[in-house]
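Comments concern the structure below.
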Amino acid sequence: MTLAMTCPNCHIYYRRGNWNKDITKFENTYPQALPLGAKGKIDGTVYEVMGFLVKKEKRYKYTWREYMLFNPYLGYAFLSEYDGHWNFIWPIEDNPKEHRVDNSFVYEHETYQLFQKYNAEVIYANGEFFFDVVDLTDSTLTEEYIAPPFLLGREVNEDSLLWFKGEYITEKELSEAFDIPAKNFPQKRGLGYTEPVSTSFSDQSLIIVGILLCLFVILSQLFLSSFDKNTVVYQDTFSADKLTSQKVFITPSFTLEGSSKNLDIETYAPLSNDWFYAEFTLINEDDGTEYNFTKEIEYYSGYEGGESWSEGSMFGEALLSKIPGGHYHINIYPEFSTLNHEFSIKVTRDLPTYTNMWVVILCIIIYPAVYLVHKRYREQARWSESDYSPYD
Amino acid sequence: MIPTDELKGLRYYIISAILLLSLFIYSDIIGWNWFNDTSTEQTRMHRVHSNGRYFYHK
Amino acid sequence: MIRNQLYSCPSCQLSCIARSDETILLTCRHCGTVISDNNAKKYSPAPVPEDWSFIQIGTKGIFNNKDFVVIGRIRFQLRNDYKNCWTIIYNDNQLGWLIESMGSLAIFETKTYSLSVEHTSKLKANVVIKIGKDIKVTGEYVEKCETLSYEGEVGPWKDLSTGFFMIQASSNNGTVLMFTVRPQQDSLYIVGKKTDLQQLKLENSIEWNEWK
């Protein structure tokens, strides 16, 4: 079965077959993280490390390492390592691209994108091989398509067309599989070309969960709003000529039913190029709690340069949170201008409000948004290594 | 629709969202508006300052 | 050969029985000598080398709801690969091929077809060819056969000598064609389906306990 091997003593590479009796000598030796003969369990299958290769891309001259693995039931597979990032790669029987020529295609529900095409050479080999890795590598054009964490490799030479599938494997998984401390593996640098930005969920799942959560928030809001009573508990108009010597209007007592709810105090003053200002004190007659707040409204309008304009409003609104039930009245300390002499207020209990809902939705959206932006940034970084980047 | 292991991967996101949702429901029940509230200054007056059924302010 | 007929080994005289009329040769289970109706000398196999195959004579399985048992094999040593072409006999006494190499498995019918020289010359890796009206296949590899070995009872393989090129071509629906090609000649091919371990439900295979 073994057709090519290296001498453990002098490190030459030679073939067993009749077709090529040449001996290959390598200039350098290279350290390997997984020793020959090491056994590891990957995806439930025990593989043994049979051979180790260092390959060099012919054009850009970068190098990477491949470990040939073997299992008698499943045949051979590879572990490929570049910049400390590992892929587990195995041959497949399919022709995933069929006869299409595009750089992108769908296979097993994943969209694969051409990442690189290269010719490589073996610059170091150690161990035994089921085919002539040196000759085959030298004559093969490889295309790699990625859909992180997966990759598909297409190796073509004059005599063979082979497809491989690969999947990113973490140092931790590899360390556990081969029972070799992760510190023995090459230092990880940058983002691996098949390294997923998140290993635990897909974009689609994140978006679906985000949408479902938002829908749940909206439904909760609609459900809760249906119980909001939105009751006007007091309204009246006040005139400056009724102002007491203490400069205060004191409303009659009104009752706020139920437990803690919000309270909306709407102020209206019929203003024309004027302002109105008041200090309000909402007083709980049962326990003496006072809620002090102020409101200033102003409204100006005119006609200038052939156009009419206005700014401000004759309405002002104060929304008070968490006002317990009980008996209340409001003390109003108004300041009138010379023109305006009246205002009115309307007090509404248990008003449906939507800002909390929008805040929750925003918070729910923030994580996927930041994640997807981050992912896009990382994807751009990943593809910056490729001649076929979809981001160019 | 979503694989179980992916839901597991999203557990911190889902748990955070559920906590936020609980706060949201609780806030609605007690009438707590987180942001568009009017700023109030809250004080506690003692009954000795009251006159009849009214509290006089200032 | 004739089904259920006794054949004596020319070397050790051990009696061997053929299980199918389609069988073209047997190897003596005692001394390995080739036994055939014809002159056994024309088959000059190399000894079967040890390999890591998990299939053995006596391995049972199921294909297309039919039970089968492995009764022999031809082992083709190719330039960069090997093929164990196991002869299987179904429970209806039909023969078939279970071709296995490095974990890849396919079941073939024994019926052999011929392809004209003209079409054969187009057979190459990564080239799509049309066979008849229906089958469109892509060439996957071309490998020269360097040595042959036999074991057990061998079905009707048409070209039992080395030096041919083995070409595998397949379509995406799993149909696979195995050609034996010699320059300037019509090629022969058999037709099969790619399959896997789970589908075949193999029993009595070799247990490589060190890989468990």
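The values are calculated or read from the model by the stated rules, or taken from the named source; none is laboratory data. A quick note: this is a predicted structure, and the numbers were derived from the prediction, not measured. When we count neighbours, we look across all protein chains shown, and the Cβ atoms used for this are built from the backbone with ideal geometry, even at glycine.
Any chance the stretch C:194-208 includes a residue that's within 30 Å of C:Ile35 (Cα to Cα), touching a residue at least 60 places away in the same chain (Cβ under 8 Å), in contact with an Asp or Glu (Cβ under 7 Å, 6 or more places away or on another chain) and charged (D, E, K, R)? There is no residue in the stretch C:194-208 that is within 30 Å of C:Ile35 (Cα to Cα), touching a residue at least 60 places away in the same chain (Cβ under 8 Å), in contact with an Asp or Glu (Cβ under 7 Å, 6 or more places away or on another chain) and charged (D, E, K, R). Considering the stretch A:52-62 alone, what residues qualify as being under 23 Å from A:Ile12 (Cβ atoms) and surrounded by 15 or more Cβ atoms within 10 Å (Cβ to Cβ)? The answer is A:Phe52, A:Leu53, A:Val54, A:Lys55, A:Lys56.
Exactly one residue out of A:Gly312, A:Gly325 is at positive phi and surrounded by fewer than 17 Cβ atoms within 10 Å (Cβ to Cβ), and it is A:Gly312. Filtered by the rule that a residue be of a type in the set (D, E, K, R) and within 14 Å of another protein chain (Cβ to nearest Cβ), the stretch A:134-182 gives A:Asp135, A:Asp138, A:Glu143, A:Arg154, A:Glu155, A:Glu158, A:Asp159, A:Lys165.
Just so you know, in the stretch A:203-241 the residues that are small (Gly, Ala, Ser), within 14 Å of chain B (Cβ to nearest Cβ) and surrounded by fewer than 16 Cβ atoms within 10 Å (Cβ to Cβ) include one that is farthest from A:Ala369 (Cα to Cα), and it is A:Ser226. Selection of the stretch A:4-20 for residues being within 13 Å of another protein chain (Cβ to nearest Cβ) and either over 49 Å from the mean Cα position of the chain (by Cα) or among the charged types (D, E, K, R) (or both) yields A:Arg15, A:Arg16, A:Gly17, A:Asn18, A:Trp19, A:Asn20.
The residue pairs whose first member lies in the stretch B:9-23 and is facing chain A (nearest Cβ under 7 Å), whose second member is in a helix (DSSP H, G or I), and whose beta carbons are closer than 6 Å, counting only pairs six or more residues apart or on different chains, are B:Leu10/A:Val209; B:Tyr13/A:Tyr367; B:Ala17/A:Leu213; B:Ala17/A:Ile364; B:Leu20/A:Val360; B:Leu20/A:Cys363. Among the numbered conditions (1) buried (at least 18 other Cβ atoms within 10 Å of the Cβ); (2) among the small types (Gly, Ala, Ser); (3) free of Cβ contacts under 8 Å to residues at least 60 places away in the same chain, the only one that A:Ser139 does not meet is (1). Could you tell me whether C:Asp196 is more than 11 Å from the chain's Cα centre (by Cα), surrounded by fewer than 16 Cβ atoms within 10 Å (Cβ to Cβ) and within 22 Å of C:Ile89 (Cα to Cα)? So C:Asp196 fits the description; yes. The number of residues in the stretch C:155-192 being of a type in the set (Ser, Thr, Tyr), over 21 Å from C:Val34 (Cβ atoms) and out of contact with any Leu (no Cβ under 6 Å at 6 or more places or on another chain) comes to 3.
Checked against the criterion of being over 46 Å from the mean Cα position of the chain (by Cα), of a type outside the set (Asp, Glu) and farther than 30 Å from A:Gln235 by Cα, the stretch A:291-304 has at least one qualifying residue. Condition test on C:Ile88, is it at pLDDT below 90, buried (at least 17 other Cβ atoms within 10 Å of the Cβ) and over 29 Å from A:Arg16 (Cβ atoms)? No, not satisfied. A:Thr338 meets all of the listed conditions (1) under 30 Å from A:Leu243 (Cα atoms); (2) touching a residue at least 40 places away in the same chain (Cβ under 8 Å); (3) among the β-branched types (Val, Ile, Thr) but one, namely (2). One residue alone among C:Lys111, C:Lys144, C:Lys83 is of a type in the set (Lys, Arg) and over 29 Å from C:Phe68 (Cα atoms), and that residue is C:Lys144.
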